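Report on the structure given below.
The values are calculated or read from the model by the stated rules, or taken from the named source; none is laboratory data. Remember, predicted model here, so these are calculated numbers, not experimental data. For neighbour counting, all protein chains shown are included, and Cβ atoms are generated from backbone atoms with ideal geometry for every residue, glycine included. These area figures cover heavy atoms from the full protein model, side chains too; ligands, DNA and RNA do not enter into them. Shrake-Rupley method; radii C 1.70, N 1.55, O 1.52, S 1.80 Å.
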Amino acid sequence: MSSRRKILFVTTDQQRYDTLGCNGGQVARTPVVDTLAMKGVRFERAHPQSVVCMPSRSTILTGQHPATHGVWMNGVPLPVGAPSVAEELRRAGYRTALVGKAHFQPYLDPFLRFAENALSGGAPAPTGGAHRGFEHMETAAHGPTGPLHYARWLAAEHPEAVGGYYQVLDSAMQVNAAGGGETGAPQVTVNPIPRDLYHTDWVADRTITWLDSLESDDDWFCWMSFPDPHHPWDPPEDEMRRVDWREVPLPAAYPATRSERERILDNKPRHWGQWYRGDLVSNYEAPATWVPATLTPEQIREVNARNAVECELIDEALGRVLTRIAERGWEDDVDVVFTTDHGDLQGDFGLLFKGPYHVDGLMRLPLVWCPAPKILPTPAVVHRPVGLVDLAPTFCSIAGITPPTWMAGSPLPLDDDDADSRGFERVLTAWDSELFGVSVRVRTITRDSWVCTAYLPGTSHDGTEGELYSLVEDPLQRTNRWDDPALSGVRDDLLVDLWSHQPRVRTPRPQLEAPV
Amino acid sequence: MTPIRASVRRQARIDRPPKEVWDLVGDPARVHEWFSGIVSCNVEGDRRVITTAAGIEMPEKILTVDPLQRRFQYRITAPFLKEHLGTIDVLDVGDGSCLVVYGTDAEPATLALVIAGAAGAALEHLNEVLEGDR
């Protein structure tokens, strides 16, 4: 048996920090991840470097900030030759796989120009031995469409189940605004699909099959990437018995009256309120024809109930994979890292989905690292800020490899003392969108329990706007203190730190090649 | 404020004489030689059908082939587009090289971006193809 540690890297898509029991979540039951957290390290302040999928996933893979790897927004493909932690591990002798959602390249691809889409037409073993360092790739996304292994499998083996899913895009190829369920909430439908055909269980099944193909003494790195709980919210309807949506509490950050919502939003940079009222569509991350001001409390409850059921299904699927790992005799040798790519507003401020809004709903992520039991890890909670940019060097460290210099982050700390000794003081997040004549550019630093966001000049901002929140005094980020004279020193200090720590910028900047 | 249609432009500077570039991009039967993701095409009169790598056949109508302005225009007539106009201009910049501008106007707006994204990559490939001819 090899003495090296194996790595099960588990991601979900668009999952909030507060959806896990170990983080205080009250709706979804997540005993599997909660147990990992109890035995390992739970991070209280893990942030993404982008709050949308492609840039964030590219950061996870490369260990670089979006400005450096170049994927500045969904629809910008990660260059095929971009560095990859999976390739580093493969070179070191690890067997490597990615099962589930990849999304390093755009999905809307009628010309089939992108390698990850072309992959689904054949065997899951990429030509040339590996793609981005993965010798095995089986892909899935949020439903039964697209050039993905799950979609092809479902259409071929269970065509009767295809039609039950929500249609993610409408006839104009926009993110669909159609409502469903019992409340008419956007991106919701009643999906009669049996649980064992749903993509969550498929990802776990395919992961187990790949693990079963390995020799006992293989070293391996497996990225198991669940597409949920990202919208659409269409889990198997039989599973909805778990949560009565009428009993789901409204988010603490949901202001009860429209006037209160508008007062809070109008205290933030103008694009917040413009989107809320339906006056501005700045990106492709939410239904373009949906107006957030129409969102009802009942719709929030139903969306969050469905989200919770999806989180429970993921937790149980992960449990099945961990059981199989134990059956293979690997239990003491495997590091498990659980996180997501970004969050979801889920009713905060009366909003859903995501966009250029750097607040906890989108930025505060679940992150749990349960090191291999054989190293006798000490359970801990880390309060210092860390980023998804730190994951790639963490995987190198677990594998006993020195992280390459092109990685911007550092191996995750094991506790706060470790974090302090290695300078985990700040985490950066960026947003750049340009869509049909509308541009928004945002830079954020989180440090010393403050979140400070600066807006660069764009079509909605002149470069003077910003946001400043105290995570201690204002944990829901309701009151923007950017223009508070009493805090100008704090703001200016954070801005100096923000601008002095901007990452290296890739030139020329890659172009937007699709909406998503 | 939802965009119904969109107009998206991509361009590339190509270090080859304008006539040489035009001879390739102005020939409707040679599009598959430089547009990545188009695997074949069939031209009959002012009608062209291209086949993508995904196996999708797209019927097109050729609107303009003007060797004096070096302008090529076409329209995708597939039903998933309510409107489309593609315009390729080869502009002489006076130093023996040229600027190729590829404009895409389409409804729905999303597809304008998808086509323009592919066009942008095609222009990069065009540069490689012509450099390879040297």
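Taken across both chains, chains A and B shield about 2000 Å² of accessible surface from a 1.4 Å probe. Rolling a 1.4 Å probe across all protein chains gives A:Ile401 an accessible area of roughly 40 Å².
Using the alpha carbons alone, the radius of gyration of region A:336-427 stands to its Kirkwood radius in an Rg to Rh ratio of 1.02.
Its residue count N sets the reference 2.2 N^0.38 Å, and the alpha-carbon radius of gyration of chain A equals 0.91 times that reference. Take the protein assembly as shown with all the other protein chains still there, run a 1.4 Å probe, and you get 36 Å² of accessible area per residue. Take the Cβ atoms of B:Val101 and A:Thr459, set R0 to 25 Å, and the FRET efficiency comes out at 0.65.
Inter-part distance, region A:334-411 to region A:1-66, computed on C-alpha centroids, equals 5 Å. Interface residues of region B:110-128, defined as those losing at least 40 Å² of solvent-accessible heavy-atom surface relative to the isolated chain (probe radius 1.4 Å), are listed as B:Thr110, B:Leu113, B:Val114. For a straight C-alpha distance cut-off of 22 angstrom, the lysines reachable from A:Lys101 (same-chain residues fewer than eight places away being disregarded) are A:Lys6, A:Lys354. Of all aspartates and glutamates in the structure, those lying under 19 Å Cα to Cα from B:Lys19, and not within fewer than 8 positions of it along the same chain, are B:Asp27, B:Glu33, B:Asp66, B:Asp89, B:Asp92, B:Asp95, B:Glu124, B:Glu128, B:Glu131, B:Asp133.
The residues of region A:467-516 occluded by other protein chains by 30 Å² or more of accessible area, set against the chain on its own, are A:Gln511, A:Leu512, A:Glu513, A:Pro515; surface from heavy atoms, 1.4 Å probe.
A helix-only calculation puts the protein assembly as shown at -7500 deg cm²/dmol for mean residue ellipticity at 222 nm, using -39500 (n - 2.57) for each DSSP H run of at least four residues, averaged over all residues. Round to a whole angstrom and tell me the spacing of the C-alpha centers of region A:91-118 and region A:209-249. For region A:91-118 versus region A:209-249, the Cα centre distance is 19 Å. Please give the FRET efficiency for A:Arg277 paired with A:Thr127, using the beta carbon to beta carbon distance and R0 = 45 Å, rounded to the nearest 0.05. Given R0 = 45 Å and the Cβ-Cβ separation, E is 0.35.
Residues of region A:278-309 that lose at least 10 Å² of accessible area (1.4 Å probe, protein heavy atoms only) when the other protein chains are present, relative to their chain alone, are A:Gly278, A:Asp279, A:Val281, A:Ala288, A:Thr289.
Here the alpha carbons of region B:6-132 define both size measures, Rg and Dmax, at 13.7, 42 Å.
Counting only residues at least eight positions apart within a chain, or on another chain, the aspartates and glutamates with an alpha carbon under 12 Å from that of B:Lys61 are B:Glu44, B:Asp46. Measuring from centroid to centroid over Cα atoms, what is the spacing of region B:90-134 and region B:42-71 in Å? One Cα centre to the other: 15 Å. For the protein assembly as shown, carbon and sulfur atoms together expose 50% of the accessible surface, with a 1.4 angstrom probe and every protein chain in place.
In chain A, excluding the sites themselves, the longest stretch lacking any of the GluC sites (Glu not before Pro) that are in a DSSP loop with at most 12 other Cβ atoms within 10 Å is A:216-472.
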